[in-house]
Amino acid sequence: MDGIVIVNKPQGFTSFDVCAKLRGVFGTKKIGHAGTLDPMATGVLPVLIGKATRASDILPDNKKTYLSGFLFGTETSTEDIWGEVIKKENSDVSRKDLLSAAKDFTGGILQTPPMYSAVQINGRRLYKLARQGIEVERPKRKAIIHSLEVLSFDESTQSGSLKVVCSRGTYIRTLISDMAKRLNTLGVMTSLLRERSGGFSLDKALTLDEIQKLKDEDKLNSAVIPVDEAFSCYERVTLDEKCTHLYKNGVVLRVSQIGKFGGSILRVYGCDNEFLGLCRPDVKKDKVYQYKNFY
C-alpha cells in the first residue's frame, strides 16, 4: 500500500512512536513522516507509506499553522511547561504591548534552536546533549512568520493563545520565549496544536484509534490519500504510450514530447493514468529531467 495518512497525533507520542504504531497496523516497515512534532504537541502529522516515503523532503506546501497557549512570568529548561522550572517572576504585560510585539515578530526572523530539539550540532542531537546537562552554542536560523494572531490574552493570569502561520523549522516555544524577552519578562509555551502541515489540515486527520477501527472493519484503504494529492499545485502532464515506456526506463524525453505546460515542476502521469512522479522541463536544452519518481 502506498500513500499518505494524515494522523491527529496524540499528546505524549513522538512522531517515531506514531510511525511504529502504524507499521503494525499497515504491516509494512516502509513508513515515515513529514514534519516532526514534539511529544507534547498534538495535531496534523502526515505519515508516508510505501513509495510515498520518497516525498518526505519535497512536499511543496511548507507553511504550517499552529494554535499555541502561552504563559508569561515563567522560564523553563525546555521553553514549555513540561520542562524544569528555572525562574519565576511577576509579569505585568498589557494586551496593547503584546499586540505590538506580535507585529514585530511577523516576517523573517532569526531563532536560536532550543537545546531540547532534534537539531544536530557536529553530528550530535541537541536534546541528547541537553539530557547530559551539556549546553553548546547554536547558530541562529532563519524562520518566516507569515502571520501571528493573538487569539486571547488574560492580563490577570498573564496567559493566552496564539495562531501562527510559519515556515518549516520554526520553533513556536522559542517564538514565545523571544516575544517574552522583547516584553521584558519570561515566557513558556503551555500547549501546541498543529492545524495544518504539508498542505493537509486537521479536518482530514484521523486518530490512531480511528485508523485501527478502519483496519478492523477492513476499510484501511479509505484512510490513505494518494501521494499525488500532495502535489496538486503542480501542473499535470500525461504521456502517451511510447513516452510512458521511455520515461519509466529512465530515458530523458524532449520537451516537445510532453506537450504545452506552464510550470517549472510538473506532475507526470502515464498513459494508464498512473502517477509516475515529478519532472523538471528545461526548454532551452529541450530536455525533461526526472525530479522524483514514484513508479
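The values are calculated or read from the model by the stated rules, or taken from the named source; none is laboratory data. Since this is a predicted model, take the numbers as computed values, not measurements. Glycine gets a Cβ as well: all are built from the backbone with ideal geometry, and neighbour counts include every protein chain shown.
A quick yes/no check of all residues on (1) in contact with a Ser or Thr (Cβ under 8 Å, 6 or more places away or on another chain); (2) over 26 Å from His146 (Cβ atoms):
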{"position": "Val5", "(1), (2)": "no, yes"}
{"position": "Ser56", "(1), (2)": "no, no"}
{"position": "Asn62", "(1), (2)": "yes, no"}
{"position": "Phe72", "(1), (2)": "yes, no"}
{"position": "Thr76", "(1), (2)": "no, yes"}
{"position": "Asp80", "(1), (2)": "yes, no"}
{"position": "Lys96", "(1), (2)": "no, no"}
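Could you count how many residues in the range 191-239 are β-branched (Val, Ile, Thr) and closer than 18 Å to Thr28 by Cα? Working first, answer last.
Taking the range 191-239 as the starting set, the residues that turn out to be β-branched (Val, Ile, Thr) are 207, 211, 224-225, 227, 237-238.
After this cut, where a residue has to be closer than 18 Å to Thr28 by Cα as well, the list is 211, 224-225, 227.
The number of residues fulfilling the criteria is 4.
Going by the structure shown, is Thr244 closer than 29 Å to Ile31 by Cα, touching a Cys at 6+ places or on another chain (Cβ under 9 Å) and modelled with pLDDT of 95 or more?
Judged against the criteria, Thr244 is a match.
When you go through Ile265, Ile258 one by one, which is the residue that is farther than 30 Å from Lys63 by Cα, outside the structural domain of Ala34 (by TED's automatic domain parsing) and either buried (at least 17 other Cβ atoms within 10 Å of the Cβ) or not polar (S, T, N, Q) (or both)? Walk me through it before giving the result.
Numbers: Ile265 fails: farther than 30 Å from Lys63 by Cα.
Sole residue among the options that is farther than 30 Å from Lys63 by Cα, outside the structural domain of Ala34 (by TED's automatic domain parsing) and either buried (at least 17 other Cβ atoms within 10 Å of the Cβ) or not polar (S, T, N, Q) (or both): Ile258.
This table checks each residue for (1) touching an Asp or Glu at 6+ places or on another chain (Cβ under 9 Å); (2) within 30 Å of Thr28 (Cβ to Cβ); (3) not hydroxyl-bearing (Ser, Thr, Tyr).
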site: Val47; (1), (2), (3): no, yes, yes
site: Ala55; (1), (2), (3): no, yes, yes
site: Leu59; (1), (2), (3): no, yes, yes
site: Lys64; (1), (2), (3): yes, yes, yes
site: Leu71; (1), (2), (3): no, no, yes
site: Lys87; (1), (2), (3): yes, no, yes
site: Asn90; (1), (2), (3): no, no, yes
site: Ser94; (1), (2), (3): yes, no, no
site: Leu99; (1), (2), (3): no, no, yes
### Task
Go through the range 238-290 and give me each residue that's assigned to a helix (DSSP H, G or I), closer than 20 Å to Lys51 by Cβ and not aromatic (Phe, Trp, Tyr).
Thr244, His245, Lys248
## Note on the structure
The condition from (1) of a type in the set (Asp, Glu); (2) at pLDDT below 95; (3) buried (at least 19 other Cβ atoms within 10 Å of the Cβ) that Asp228 misses is numbered (2)
### Residue tally, condition crowded, with 16+ Cβ neighbours inside 10 Å and within 20 Å of Ser156 (Cβ to Cβ), over the range 77-132
6
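Kindly indicate whether Ile49 is in contact with a Gly (Cβ under 6 Å, 6 or more places away or on another chain) and surrounded by 15 or more Cβ atoms within 10 Å (Cβ to Cβ).
On the way: in contact with a Gly (Cβ under 6 Å, 6 or more places away or on another chain): yes; surrounded by 15 or more Cβ atoms within 10 Å (Cβ to Cβ): yes.
When the stated conditions are applied, Ile49 passes them.
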### Message
Every residue in the range 1-21 that is charged (D, E, K, R), farther than 17 Å from Ser191 by Cβ and either touching a helix residue (DSSP H, G or I) at 6+ places or on another chain (Cβ under 7 Å) or buried (at least 20 other Cβ atoms within 10 Å of the Cβ) (or both), please.
### Response
Asp2, Lys21
### Query
When both residues are 6+ apart or on different chains and their Cβ atoms are under 8 Å apart, which pairs have a first residue that lies in the range 46-69 and is at positive phi, and a second that is surrounded by fewer than 17 Cβ atoms within 10 Å (Cβ to Cβ)?
Gly50/Met1; Gly50/Thr28; Gly50/Lys30
### Query
When you scan the range 1-99 for strands (runs of 3 or more DSSP E) that lie fully inside it, which ones turn up with 3 or more residues that are under 20 Å from the mean Cα position of the chain (by Cα) and hydroxyl-bearing (Ser, Thr, Tyr)?
64-72
